[in-house]
Amino acid sequence: MHTLALFGGTPVRSRPFTPWPVFGQPEEERLLATLRSGNWGRLDGPEVAEFEQRFAALHGCKHGIAVANGTVSLRIALLAAGIGAEDEVIVPPYTFVSTASAVVEANAIPVFADVDLNTFNMDAAAVEAAVTGRTKAIIPVHFAGHPADMEAMMTIARARRLIVIEDAAHAHGARYQDRPAGSLGHLASFSFQSSKNLTSGEGGIITTNDDALAESCRSIQNCGRVPDGIWYEHHVISGNYRLGEFQGALLNCQLDRLEEQTRTRDVNGRYLASRLAGLPGLHPQRRLADCTRHSYHLFMLRIDASFGAPRAAVLTALEAEGIPCSAGYGYSLPDQPLFRNKAFGPYLPVASASLDYSQAHCPNSDLLCREQCIWLEQNLLLGSREDIDDIGRAFEKIYEHRQALNTRDLLI
Ligand SMILES: Cc1ncc(COP(=O)(O)O)c(C=O)c1O
């Protein structure tokens, strides 16, 4: 193939990929109707309530409680589940900070259990090893949209009466053993932040089939109010975490698009994985048979030394070929300054003295962060087969020219 674009050759691709978010006339009309109605708050209009019902039903749940974002949804789920001061909650180290910081914000202790190097999801054996007498909950993340090993997680949880909260921030529409993500644990948390597969800029939702947990979440979301209480009556410590009607209106439109988008990403993701797996040193996220639908919030892969060029150089070369990409997280969570310095503010006043996150043993997460992970964002998978072939061709071209990437200073 021709010279790498990085060194002056013609890029594999000069057209942009499908932009994100996708929106059109339905969004414009529904937002305008909400504007004109003057019913802008959660308690004033029908949009959020309608969305909660639709989203919950689509994810196999009786209840959906919409909230301000996918961080506060985790914290509310923990509080609703009765996680107490300085209880332990097992979380993966390879995830967005919220999965663990929400635990601290519930005044509980995050305990890290490493991820599997092939699926990038929390490893059941590591979870088992992390359980102590103080463990009260597990938060498996369906990372990138590939459902976590939920059968193993629920088996561990049942044996010890632990609560399982799915962090489904990446997993709208994903399915495990043909059951929807969001209905697999006791509670689940989704995010609608800008990059997510279903978005209103900011937002989140908790889903559950448990009536009592739902009632508790709804109360915490709404200033501690209870269904039969008078307006200025507050029963539990909480706040105003409600989602607004403009976001509800947007989400109702975006939800109409989700099914088709998810199917497209799943088909394209599978195809890209099979194409890239043919190149030495590339390891696309392994898809387990239990994953009956991958929502591909990210297309993730590992690159190892047998590819013949370092990750940083490959990323630079991919960008030059017209393929947007990144290395993902720069830190495994226990290495984040937040955890290294135990900068927990007023939380964990007693336990933090004896915590030492430098001792967390998460070699797989470390390897992914430091050397191996590559992320492609979900909108790259929303286009045609030609788009995916371009990604494949770019990797192939870079592999062919890998020697050149070792001779220049391309580390970023
Ligand atoms: C795995 C995971 N959990 C939780 C969150 C938090 O969601 P939000 O950004 O809506 O607070 C994110 C979002 O980035 C995430 O990726």
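For the range 180-236, the fraction of C-alpha pairs farther apart than 13 angstrom is 66 percent. Per residue, the chain reaches -10500 deg cm²/dmol at 222 nm when only DSSP H runs of four or more residues are counted, each adding -39500 (n - 2.57).
Apply the Debye scattering formula to the range 65-195, with a single equal point scatterer on each alpha-carbon and no solvent, then give log10 I(q)/I(0) at q = 0.17 Å⁻¹. At q = 0.17 Å⁻¹ the computed log10 ratios are -0.79. Separation of the range 341-376 and the range 145-206, taken as the distance between their Cα centroids, equals 22 angstrom.
When only the heavy atoms of the protein chains count and the probe is 1.4 Å, how do PHE192, PHE17 rank by accessible area, highest first?
If we order PHE192, PHE17 from most to least accessible, we get PHE17, PHE192.
Ordering ARG311, ARG275, ARG13 by how much accessible area each has at a 1.4 Å probe, largest first, what is the list?
Largest accessible area first, the list is ARG275, ARG311, ARG13.
In this structure, the amide hydrogen of THR135, modeled 1.01 Å from its nitrogen in the peptide plane, lies closer than 5 angstrom to those of GLU88, counting only residues at least 5 positions away or on a different chain. By the Stokes-Einstein formula, at 1.002 mPa s and 20 °C, the range 157-275 with its Kirkwood radius over alpha-carbon pairs has D equal to 131 µm²/s.
Tell me, what does the Kirkwood hydrodynamic radius of the range 263-412 come to in angstroms if you use every pair of distinct C-alpha atoms?
17.2
Once you order the gyration tensor axes a ≥ b ≥ c over the Cα atoms, which shape class does the range 213-253 get: rounded for a/c under 1.5, otherwise prolate or oblate by comparing a/b with b/c? It is prolate, given that a/c is not under 1.5 and a/b is the larger ratio. How much of the pair distance distribution for the chain lies past 40 Å, counting alpha-carbon pairs only, in percent? Value for the chain: 19 percent of Cα pairs lie more than 40 Å apart. Surface composition of the range 167-257: carbon and sulfur make up 52 percent of the accessible area, probe 1.4 Å. Measuring nothing but how far apart in sequence close Cα pairs (under 8 Å, 6+ apart) lie, relative to its length, the chain scores a relative contact order of 21 percent.
The values are calculated or read from the model by the stated rules, or taken from the named source; none is laboratory data. None of the values given here were measured: they were computed from a predicted structure. Please note that ligands, DNA and RNA were not included when accessible areas were found on the heavy atoms of the full protein model with its side chains. Shrake-Rupley method; radii C 1.70, N 1.55, O 1.52, S 1.80 Å.
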